[in-house]
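Contents: one structure, followed by commentary.
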Amino acid sequence: MNTEERFSRQRLFHGIGRSGQKKLEESHVIVIGAGALGSLTAESLVRAGIGRLTLIDRDYVEVSNLQRQQLYTEADAAAYTPKAEAAKRRLLDIRSNAVIDIIVGEADPAVLENCLPADLIIDGLDNMETRLMINDTALKHRIPWIYGACVGAYGLSYTVTPEEGPCLRCLMKGIPMEGETCDTMGIIAPAVQFVSATQVTEAMKLLTHSFKQLRGTLWSFDVWSNESSSIRVDSLQDVHCPSCGESPTYPALAWSGRSKAETLCGRDAVQVKPLPDMQVSLERTADAHKKHLSKANQHLLVLNIENKRLVLFKDGRAIIHGVSGEVEARSLYQRYIGG
Amino acid sequence: MQITLNGQIQNIENSQTVAELLEELQVAHKKTVVERNGIIVMEELHKEEGLKDGDRIEIIHFVGGG
Ligand SMILES: [Zn+2]
């Protein structure tokens, strides 16, 4: 593959040029979440010639993802392929010499720190709790990161840099997210594409050191109602912020408070995590529950129990569909997996 | 009263303050950043900050999806 030709149009673009393209090819970006946002962003970065991509995701491909998660196919959904793995396969079809590391599992502080050093972290997550953890990890290691989120036809984005401006915690004023409820308004693909496009553009500016071009605002839009907004948020910077203030404590890195059972927004499912000292074996579980076993691959197995579906991952997590809530999910997990 | 909300001219019937506007727009329960005529209105002042005809209001609410 002739890389001179491959990236020629991008190199011709005045903002990137030969030196910018070289910087892109030398950079390492971590994308957390390989759902709609993360998979699109990963594709754009790989196509742009990013040097190394790390992609972290805890989920597997389902049919309802295909309307907007553009890297995935019906075959991935039928095989319960973990999103990170399906993404990697497709991304290597797109650019065979790309360097892509994947993690099928939860992005926790230890996992994330293991992926460092990196030039940039990009958010493709589905929950605020993990975003605050990314915020703290990024600030602690002085790495920029780009928040992005969307629902319905609405989306927003904000770029956090360690050098200046408020961080995400400053903007959210540290309010705990326990009250976070799932949005049930669905989502259309163009809203995702809009957010990903702004995140990738900011990423290109950061990676090519075009710092003057950074947007510098909290930005939102609604592609259906045609509203958009851009707010300078400098005045929200808090000198006492525990993440970016004068004496940071990075509270979100103390991950122990993380819930053991968690409703997955937009998935109609609950994720249950194993107790810290619990050993989970896919083989043993498959043997013990042969009559419920409906699918297995190298990353996970699927049990159909009454009208519920329990997807058990190698790391001991289970995503459980068809339960009424976290309590029922937890009890089903205890009965069939243990703990 | 007529205001410009996120770039769109809108008639606001039931809101006299920023807090009431957030209720009317059904984003009061979300984390928001509000700007009135170019200046951010801190959350603790949402109840006191009155609205006037012709105001330019920007409201961004946070969501978690992706
Ligand atoms: Zn901060």
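The values are calculated or read from the model by the stated rules, or taken from the named source; none is laboratory data. The structure presented is a predicted model; accordingly, all values stated were derived computationally and were not measured. Here the Cβ is made from the backbone with ideal geometry for all residues, glycine too, and neighbour counts use every protein chain on show. Side chains included, ligands, DNA and RNA excluded: accessible areas come from the protein's heavy atoms. Shrake-Rupley method; radii C 1.70, N 1.55, O 1.52, S 1.80 Å.
Just to be sure, is residue A:184 in contact with a Ser or Thr (Cβ under 8 Å, 6 or more places away or on another chain), open to solvent by 10 Å² or more (accessible area, probe 1.4 Å), within 14 Å of chain B (Cβ to nearest Cβ) and among the β-branched types (Val, Ile, Thr)? For residue A:184, the condition - in contact with a Ser or Thr (Cβ under 8 Å, 6 or more places away or on another chain), open to solvent by 10 Å² or more (accessible area, probe 1.4 Å), within 14 Å of chain B (Cβ to nearest Cβ) and among the β-branched types (Val, Ile, Thr) - is not met. I'd like the full set of residues that are more than 12 Å from the ligand (Cβ to nearest atom) and over 22 Å from residue A:247 (Cα atoms), limited to the stretch A:141-171. Matches in the stretch A:141-171: A:146, A:147, A:148, A:149, A:150, A:151, A:152, A:153, A:154, A:155, A:156, A:157. Identification of strands (runs of 3 or more DSSP E) wholly contained in the stretch A:262-339 with 2 or more residues that are under 16 Å from residue A:105 (Cβ atoms) and touching a Lys or Arg at 6+ places or on another chain (Cβ under 9 Å) yields A:269-272, A:300-305, A:308-313, A:318-321. Just so you know, in the stretch A:245-278 the residues that are within 16 Å of the ligand (Cβ to nearest atom) and over 21 Å from residue B:64 (Cα atoms) include one that is nearest to the other protein chains (Cβ to nearest Cβ), and it is A:245. Scanning the stretch A:42-69 for residues that are within 23 Å of residue A:297 (Cβ to Cβ), more than 15 Å from the chain's Cα centre (by Cα) and not small (Gly, Ala, Ser) returns A:62, A:63, A:66. Filtering the stretch A:289-320 to residues that are over 26 Å from the mean Cα position of the chain (by Cα) and loosely packed, with under 15 Cβ neighbours inside 10 Å leaves A:290, A:291, A:294, A:306, A:307.
Of all residues in the stretch A:114-140, those being within 14 Å of chain B (Cβ to nearest Cβ), part of a helix (DSSP H, G or I) and within 16 Å of the ligand (Cβ to nearest atom) number 6. Counting the residues of the stretch A:141-157 that are more than 9 Å from chain B (Cβ to nearest Cβ) and more than 15 Å from the chain's Cα centre (by Cα) gives 5.
Taken over the stretch A:297-328, residues that are more than 15 Å from residue A:59 (Cα to Cα) and in contact with a helix residue (DSSP H, G or I) (Cβ under 8 Å, 6 or more places away or on another chain) amount to 5. Of the residues making up the stretch A:321-339, just one is surrounded by fewer than 21 Cβ atoms within 10 Å (Cβ to Cβ) and among the aromatic types (Phe, Trp, Tyr), namely A:336. Please verify whether residue A:238 is of a type outside the set (A, V, I, L, M) and within 11 Å of the ligand (Cβ to nearest atom), treating the condition exactly as stated. So residue A:238 fits the description; yes.
In summary, residue A:91 fulfils each of the numbered conditions (1) aliphatic (A, V, I, L, M); (2) within 17 Å of residue A:32 (Cα to Cα); (3) within 15 Å of the ligand (Cβ to nearest atom) with the single exception of condition (3).
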